[in-house]
Amino acid sequence: MTTGGKKRTRSERVAALELPPGFWKRLRASLRRNDVLLRIGLCVAAALVLCVVIRGWHPPFVYRRDDTPSHELVARVPFEVSIVETDATGTDVERKIVEHDAGATLAEAGQPLREEQIRALRAEHEAWIARRSIGQRLARALAVVTIILSLLALCALYLSTRERRLIVNIRPLGLVLGLGVATVAVAYWVARDAWRPEILPLVLFGQTVAIAYRRQLALLFAGVATAILTMGLGQGLGSALALMGVTTTAILPLGRIRNRSKLIYVGAFAGLAAFLLSIAVAVIDDQPVNPRLFSVAGVNALFALAAGFLMLGLLFFVERLFGVLTDISLLELGDVSHPLLQKLVNRAPGTYNHSIIVGSIAEAAADAIGAWGLLVRVGAYFHDIGKMLKPAYFIENQPPGDNCHDGLVPAMSTLVIVAHVKDGIDLARQHKLPDAIVHLIEQHHGTTLVKYFFDRANEQSRADPNGNGVEESTFRYPGPKPQTREAGVLMLADAAESACRSLVDPAPARIESVVREVTDRRLQDGQFDESGLSLPQLRTVEQSIVKSLVANYHGRIKYPDQRTA
């Protein structure tokens, strides 16, 4: 059988084959998008501001009091310096101008720099800068901006693969960039002090990013800020490694902050690192080991410790600014004295009891797979708060033999049942619950089917000769499906606890069978497709829930004189 068309040769078929676009083509396409150009412009603006902050067009003045130069310091250009002479009482009696020629010795090698030598060295530095041409200044500024943009490009590469939410949303990206610029500016300004407190803003910046996002991202941004600061101050590799070492020590132990004392312990640990690294860098730089060195190291340790206390006070503002939750906030939120929980226990005590049990079951299951167990527990406390508006329509709050759904058609009953999710979201927002909790309320049923009323509707439709078919979509929750592992765990714990509560004989084998059935039904329904839960993790969660439910419904010894209830 012929197609009537001309048969193409092999070379023509190969030429007609469309390959996916290459890297440079994708890059050109991205650069044409306004949102990408906006983010690039934000990074360029940050680089320019940083160049201005560290005065990138001028080489920095690198000497400080009590530094010990390893070589003789001589004047590069002729200059003048003002010297004030004082009498025995310390009163200024005369000010005179001292002229120095190029090549004049300003400080001896191996001798600590005194205050008058620092003034002379600074005057010489300013005279040398004044002789630099506009071209030299522009060239240096361009080089500094290029280096900063290169460092930001490395950050962008990491964000594009590991932390896309910072690129997708312009607000958090602007917040982090602005905070980084402010950190470098404050550190550069306070570095003029003889005690060198620039470690304080760097540690606070690293801990803020670690709390708001992840420790890996905090290490990257702190390293970039340290590199820009040391370039602006003209410090060597040893100082950069010391600053980064202390900041790393303050970031890595953070993890989950379940109590306020942890920040103090982290600050103390960072202080010890600051003390040891200050001495180590001084020894490497051939600085004399004397009481002055130990006092400087001690002050650096105090600055690192102070960062822990300051972060303790700033934690509330960090959470509000970046919209994040810490374990401390969750523990406060999970207090049973919370107004919403108090209303729930008064209006729907059965729902409250169910929520507390689901919270303990879900927390253990989430911890078993490395998810955020505390978030799941607190989210479970609030996940059914919408039921308090119509508590009598939910089985756990109904007295025996009194069912409000007996007088309703299945479709109306479904509307009442499904509405508790929307009502819960509205209550949560009215009481300003965090978004993470609101999302758990919104997703804990996903798009599952309200099977009991769907089956009743089908029975009524089959019994009615004129009945139309039942639309399954009208008996489903609106969703969305669980978007996180925590939401997926909460969905499964909630459904499993509800199903096992109806068992007449909650034997371990029966509980295991019910939990497996609940899990498989939701898995086949695609409820976990967007949650990030893998099949091995799902089985681990299932086993943990079975273990918790078996413990919850364990048998009790019947005493000889005990009557049957």
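The values are calculated or read from the model by the stated rules, or taken from the named source; none is laboratory data. Worth saying up front: this structure is predicted, and the values here are computed from it rather than measured. No Cβ is skipped: glycine too gets one built from the backbone with ideal geometry, and neighbour counts run over all protein chains shown.
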Residue in segment 292-306 that is of a type in the set (A, V, I, L, M) and closer than 22 Å to Ala428 by Cα present: no
Residue within segment 129-142 that is in a helix (DSSP H, G or I) and under 26 Å from Glu72 (Cα atoms) present: yes
Residues (of a type in the set (Phe, Trp, Tyr), farther than 17 Å from Ala307 by Cα and assigned to a loop (DSSP other than H, G, I, E, B)) located in segment 192-223: Tyr213
Residues being surrounded by 15 or more Cβ atoms within 10 Å (Cβ to Cβ) and either farther than 17 Å from Gly234 by Cα or outside the structural domain of Gln216 (by TED's automatic domain parsing) (or both) - total across segment 138-155: 4
One residue from Asn346, Asn353 being free of Cβ contacts under 8 Å to residues at least 24 places away in the same chain, part of a helix (DSSP H, G or I) and not β-branched (Val, Ile, Thr): Asn346
From the options Val289, Val281, Val296, residue that is among the β-branched types (Val, Ile, Thr), farther than 22 Å from Gly373 by Cβ and exposed (fewer than 14 other Cβ atoms within 10 Å of the Cβ): Val289
Some residue of segment 413-421 being part of a loop (DSSP other than H, G, I, E, B), modelled with pLDDT under 95 and either hydrophobic (A, V, I, L, M, F, W, C) or more than 14 Å from Asp494 (Cα to Cα) (or both): no
Residue in segment 73-83 that is in a loop (DSSP other than H, G, I, E, B), at pLDDT below 85 and of a type outside the set (S, T, N, Q) present: no
Filter pass, Phe275 being among the aromatic types (Phe, Trp, Tyr), assigned by TED's automatic domain parsing to the domain that holds Glu319 and within 24 Å of the chain's Cα centre (by Cα): no
Residue satisfying condition, being in the same structural domain as Leu217 (by TED's automatic domain parsing) and not in a helix (DSSP H, G or I), within set Val266, Val246, Val281, Val289: Val289
Single residue of Gly359, Gly370 found to be among the small types (Gly, Ala, Ser) and touching a Phe, Trp or Tyr at 6+ places or on another chain (Cβ under 8 Å): Gly359
Subset of segment 456-471 (residues that are assigned to a loop (DSSP other than H, G, I, E, B) and surrounded by fewer than 18 Cβ atoms within 10 Å (Cβ to Cβ)): Asp464, Pro465, Asn466, Gly467, Asn468, Gly469, Glu471
Where Ala127 falls short, out of the listed (1) more than 16 Å from Met231 (Cα to Cα); (2) surrounded by fewer than 17 Cβ atoms within 10 Å (Cβ to Cβ): (2)
Residue identified as under 27 Å from the mean Cα position of the chain (by Cα), in a helix (DSSP H, G or I) and small (Gly, Ala, Ser) among Ala120, Ala182: Ala182
Leading residue by the ranking (farthest from the chain's Cα centre (by Cα)) among those in segment 472-519 that are crowded, with 20+ Cβ neighbours inside 10 Å and not in a helix (DSSP H, G or I): Tyr477
